[in-house]
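What follows is a short report on a single structure.
No lab work stands behind these numbers, since they all come straight from the coordinates. Bear in mind that the values here come from a model prediction, so they are computed numbers and not experimental data. Cβ: placed from backbone, ideal geometry, glycine included. Neighbour counts: every protein chain shown.
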Amino acid sequence: MAVQTTVKAFRRFRRLRRTEGLRSLVRETELTPSHLVYPLFVVHGTGVKQEIPSMPGQFRLSPDMLPEEARELRSLGIGAVLLFGIPARKDEEGGEAYDPQGIVQRAIRALKSADPELVVITDVCLCEYTSHGHCGIVVGGEVDNDRTLPLLARMAVSHAAAGADMVAPSDMMDGRVKAIRQALDEEGFSHVPIMAYSAKAASAFYGPFREAAESAPQFGDRRSYQMDPANAREALREIEADIEEGADIVMVKPALSNLDIIALARQLFGVPIAAYNVSGEYAMVKAAARLGWLDEQRITWEILTAIRRAGADIVITYHAKEVAAWLAERRP
Ligand code: PBG
């Protein structure tokens, strides 16, 4: 009697990896410029284009430089920007944040008149505008949640009045989405969506941004309002609360260190999810690339694709323009 030997079958995954034609046919996650948002730092003055040392390739721009920026973005297929302002003066209550002649309000008008179809999103937070560098009003050495809410609401309304298409509160005060939604609705801006920085960690990855925006806290840190990076369940509760308060889009930030939270939020909630590939993530790639330690195009494609694969619809990234240009040539 013949002895029956059983050879276990195995699967030939490599069949579909053999050529780029086959690979692209079965690729599950696409990275296209239409999902990307490009952050811009705006300053007062004319003719200003000042490179940010810790963010090579990123600049502080004056409003007159923005029409050219808008043209470039359009030619690359990038449809949205996120604005951050560096004010002329800072004070205890962040007065320029809600001044109709403030830097962000000017920048919105410059961009919208250059390209009305460009989606202009604005960061709503006081830290760039306050003399102490905190994201809210300081009372007795602490950031006062409820006294900050009306100022954030006022700031969001002034951005909408200047023509912003969407506001993005990043301050991490409790109840800000509700306060902003109410104020926008009352002032005739019920059509302006809110993209809430919902799960925003107190992160060392924001270091280069704080240099770019001159927004580092002058005392203490942000751990009494931004989230402990150790907490995932709390991040989901923050997201849930922002959706209940009226957020149209929720954001997870930083992106790379929170891919698990993006993936969980994708499973649990139906709203669009944005992920912010922040300044420190960008700076790490730039630094390693400069040293010749990493292939910048390939690593950037891999990082941004992973953020999309985790479940982000929208990716906010300083690499947006470069990636769009690379994608137009070929896949890295
Ligand atoms: C303002 C704000 C910060 C970032 C976005 N909005 C800095 C901070 O919270 O200290 C960080 C973005 C980045 O690092 O690219 N609150």
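Structural remarks
- In terms of surrounding Cβ atoms within a 10 Å radius of their Cβ, Ser24, Ser203 rank from fewest to most as Ser24, Ser203.
- Neighbour counts of C-beta atoms inside 10 Å place Ser257, Ser158, Ser34 in the sequence Ser34, Ser257, Ser158, starting with the fewest.
- Under the Karplus curve 6.51 cos²θ - 1.76 cosθ + 1.60, θ = phi - 60°, whole-Hz ³J(HN,Hα) for segment 41-54, x wherever Gly or Pro sits: 9, 10, 10, 5, x, 10, x, 8, 9, 10, 6, 8, x, 8
- When each of Glu240, Glu68 is scored by the number of other beta-carbon atoms lying within 10 Å, the sequence from fewest to most is Glu68, Glu240.
- MRE, 222 nm, helices only [DSSP H, n ≥ 4, -39500 (n - 2.57), over the chain, to nearest 500]: -11500 deg cm²/dmol
- The alpha carbon radius of gyration of the chain, expressed as a multiple of 2.2 N^0.38 Å, is 1.08.
- Based on C-alpha pairs under 8 angstrom that are at least 6 apart in sequence, the chain has a relative contact order of 17 percent.
- By average C-beta atoms within 10 angstrom, highest first, the peptides 259-266, 143-150: 259-266, 143-150
- Backbone geometry of segment 134-149 corresponds, through the Karplus equation with coefficients 6.51, -1.76 and 1.60 at θ = phi - 60°, to 3J(HN,Hα) couplings of 8, 7, x, 6, 9, 10, x, x, 10, 7, 8, 4, 6, 6, 7, 3 Hz, x marking Gly and Pro.
- Straight-distance candidates among the lysines for linking to Lys321, with alpha-carbon spacing under 16 Å and chain neighbours fewer than 8 residues away dropped: Lys286.
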